[in-house]
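Engineer: Structure below; questions to follow.
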Amino acid sequence: MRINRYLNKGYRSTAAMILVQAFKSKLLGILGTEEQLYEVILKSIDAKHIVVARSSEGELIGVAAYQYNGKFTLDITLSTMIEVYGFWRGIQKMFMLFTHFPTKRDISTLYVDALAVDNRFRGQGVGQLLLKEIEKIAIEENLSFVSLDVVKENTRAKELYEKVGFVEVKYEELDTKSSDRLGFSGYYYMMKLV
């Protein structure tokens, strides 16, 4: 297995599909169909701010999207939303994204936007390797912490993060309307000192 800090153009589609499969239950309530979600992610991936895992055969099997100091892996813009949904719906969808998913993060923290592993390769340590590489980036950038959010219902992911040293900092319960729209009841904000 190999870990790389750059997303080769030939892997963009696969990376987008892995992210869609991992986060569709969380995002479909806002972004519509699986095809629309795929389109938004594909158009928004920044190849420079992502860590990827490839199998020994070269197949893309996992991705870790991150942000720090105003740099994003998934830089979803209003123009992308308008392109995918049309003018008014694009504006509405962008507003909903900003309402439910904050974009401003502490500048001393490298924030993991998404960690996703192809279903066929889960439980094989891919997520841990991606997180180790994220930590190396944080250290190289002189950042103090790596942080992330994990939904309450995703106990497997929370256990992984705790296993590699993340601690729960706070829990945010969603209101009923947001919970119904997003498909989860709340999320944990977790951090790790690097």
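The values are calculated or read from the model by the stated rules, or taken from the named source; none is laboratory data. All figures in this text were calculated on a predicted structure; none of them were measured in a lab. All Cβ positions, glycine included, derive from the backbone under ideal geometry; neighbour counts span all protein chains shown. Side chains are part of the model used for accessible areas, which takes the heavy atoms of the whole protein and leaves out ligands, DNA and RNA. Shrake-Rupley method; radii C 1.70, N 1.55, O 1.52, S 1.80 Å.
Engineer: Rounded, prolate or oblate, given the Cα gyration tensor of the stretch 137-184, with a/c below 1.5 counting as rounded?
Structural biologist: Here the stretch 137-184 falls in the prolate category.
Engineer: Which links in K26/K71; K152/K177; K93/K136; K43/K192; K24/K177; K136/K177 stretch past 28 Å when you go from one Cα to the other?
Structural biologist: In this structure, K93/K136; K43/K192; K136/K177 lie more than 28 Å apart at Cα.
Engineer: Share of the chain's accessible area from carbon and sulfur, percent, 1.4 Å?
Structural biologist: Carbon and sulfur: 51 percent of the exposed surface of the chain.
Engineer: Let me ask something else. With the other protein chains left in place, how much accessible area per residue, in square angstrom, belongs to the stretch 20-75 at a 1.4 angstrom probe?
Structural biologist: 39 Å²
Engineer: Let me ask something additional. Per 0.36 nm of contour for each residue apart, how much would the distance between S56 and T33 grow if the chain were fully extended, relative to their Cα-Cα spacing?
Structural biologist: 5.0 nm
Engineer: State the answer as a single residue: which of L60, L174, F23 lies farthest towards the positive end of the charge dipole of the chain, with beta carbon charges of +1 for Lys and Arg and -1 for Asp and Glu, about the Cα centre.
Structural biologist: L60
Engineer: Which value, in Å², gives the accessible area per residue of the stretch 89-194 when a 1.4 Å probe is used on the protein heavy atoms?
Structural biologist: Each residue of the stretch 89-194 exposes 56 Å² on average to a 1.4 Å probe.
Engineer: Next question. Name the residue from V117, V146, V164 whose Cα lies farthest towards the positive end of the charge dipole of the stretch 107-188, charges +1 on Cβ of Lys and Arg and -1 on Cβ of Asp and Glu.
Structural biologist: The residue sitting most towards the positive pole is V117.
Engineer: Oh, and also: Rounding to the nearest 20 debye, state how big the charge dipole of the chain is about its Cα centre with +1 on each Lys and Arg Cβ and -1 on each Asp and Glu Cβ.
Structural biologist: So the dipole magnitude of the chain works out to roughly 220 debye.
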